[in-house]
Amino acid sequence: MVTPREKTNSLLEVISELFNAEDSFFDPPSGVEKVERVTFDAVRIKFVEKVDRDLLYRVASEEGYIVEAGYFAPRVIDKGTIVARVGSQSDPGGESDMFIYLFPPFVEQMSMYRKVVGARDGVLDSESGRIDLERFYECNLRVIRLVEKYRRSRYESLRRKLEL
C-alpha cells in the first residue's frame, strides 16, 4: 500500500522521518527537491537550484560556524568537524546538493570517527557507551537549524516577496 505524502514546511520533519524509517512520508518543503539519508550519519538535501554560497556563509556565521572553501566545495565547520558541505561536481546533484552530518540515534550506527566526535561534544559517554539524548538532540538540531535557516532565507523570503 502506498501512503500518500503530505506537504511539509520543515526540513526537521522530513529528516526526523528519515531517521525513524527508511523513507519519509513528507514531500520536501519549498526549495527542496529531495532529501535522503545516504549513510547512518549523512543526509543529502537536493535544492532546486545551486546552493547560494554567499548566503550559506552568512547563515553559517550567524549560527556560530566557520566555512572553509578552496579547491574543494565549501564546508561548514564546528570545532574542527565538518557538519555540512556543499556538493561538488562529482556528487549526484552537483552544487545543488548540501550534505549534513548528524549523530545517528544508535551507538552501533556510529563510525569510530563519530564516536570520538560524540565523546568530545558530550553526545556519547565514553565510559558507559551511552548516548546523552539531550546533547544528541542539541547537536543535531543545531545543524538542521543551519540548513533550515538557509532554506527559508533563500526560498520562503523570495516567495513572500513575489506574493506581495
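The values are calculated or read from the model by the stated rules, or taken from the named source; none is laboratory data. All of these numbers come straight from a predicted model, not from anything done at the bench. Don't worry about glycine lacking a Cβ; one is built from the backbone with ideal geometry, like all the others, and counts go over all protein chains shown.
Rundown of residues vs (1) more than 29 Å from Lys79 (Cβ to Cβ); (2) at pLDDT 85 or above; (3) over 15 Å from the mean Cα position of the chain (by Cα), yes/no style:
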{"site": "Glu6", "(1), (2), (3)": "yes, no, yes"}
{"site": "Pro29", "(1), (2), (3)": "no, yes, no"}
{"site": "Glu33", "(1), (2), (3)": "yes, yes, no"}
{"site": "Thr39", "(1), (2), (3)": "no, yes, no"}
{"site": "Arg44", "(1), (2), (3)": "no, yes, no"}
{"site": "Glu49", "(1), (2), (3)": "yes, yes, yes"}
{"site": "Leu55", "(1), (2), (3)": "no, yes, yes"}
{"site": "Ser61", "(1), (2), (3)": "no, yes, yes"}
Checklist entry - Among the numbered criteria (1) touching a residue at least 40 places away in the same chain (Cβ under 8 Å); (2) more than 22 Å from Val147 (Cα to Cα); (3) in contact with a helix residue (DSSP H, G or I) (Cβ under 9 Å, 6 or more places away or on another chain), which single criterion is violated by Gln109? => result (3)
Checklist entry - Quick one: in segment 45-77, which of the residues that are in contact (Cβ under 8 Å) with a residue 40 or more places away in the chain and assigned to a strand (DSSP E or B) is farthest from Leu12 (Cα to Cα)? => result Val76
Checklist entry - Counting only residues that are touching a helix residue (DSSP H, G or I) at 6+ places or on another chain (Cβ under 7 Å) and hydroxyl-bearing (Ser, Thr, Tyr), how many does segment 27-44 have? => result 1
Item to check | Residue, modelled with the highest pLDDT, within segment 8-27, restricted to residues that are part of a loop (DSSP other than H, G, I, E, B) and of a type in the set (Ser, Thr, Tyr) | outcome: Ser10
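Restricting attention to segment 145-163, and to residues there that are of a type outside the set (Gly, Ala, Ser), surrounded by fewer than 16 Cβ atoms within 10 Å (Cβ to Cβ) and modelled with pLDDT under 95, which single residue is nearest to Phe40 (Cα to Cα)?
Residue satisfying both the conditions and the ranking: Glu156.
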Checklist entry - Just one of the numbered conditions (1) within 13 Å of the chain's Cα centre (by Cα); (2) over 17 Å from Ile15 (Cβ atoms); (3) surrounded by 16 or more Cβ atoms within 10 Å (Cβ to Cβ) is not true of Asp91; which one? => result (1)
Checklist entry - What are the residue pairs meeting all of these: first residue in segment 145-160, first residue closer than 10 Å to Val32 by Cβ, second residue buried (at least 19 other Cβ atoms within 10 Å of the Cβ) and at pLDDT 95 or above, Cβ atoms under 6 Å, and 6 or more apart or on different chains? => result Val147/Ile100
Checklist entry - Restricting attention to segment 112-144, and to residues there that are farther than 18 Å from Asp78 by Cα and either touching a residue at least 24 places away in the same chain (Cβ under 8 Å) or touching a Leu at 6+ places or on another chain (Cβ under 8 Å) (or both), which single residue is surrounded by the fewest Cβ atoms within 10 Å (Cβ to Cβ)? => result Arg130
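When segment 17-54 is examined, which residues are found to be hydrophobic (A, V, I, L, M, F, W, C) and either closer than 22 Å to Cys139 by Cα or surrounded by fewer than 19 Cβ atoms within 10 Å (Cβ to Cβ) (or both)?
Scanning segment 17-54 gives Leu18, Phe19, Ala21, Phe25, Val35, Val38, Phe40, Ala42, Val43, Ile45, Val48.
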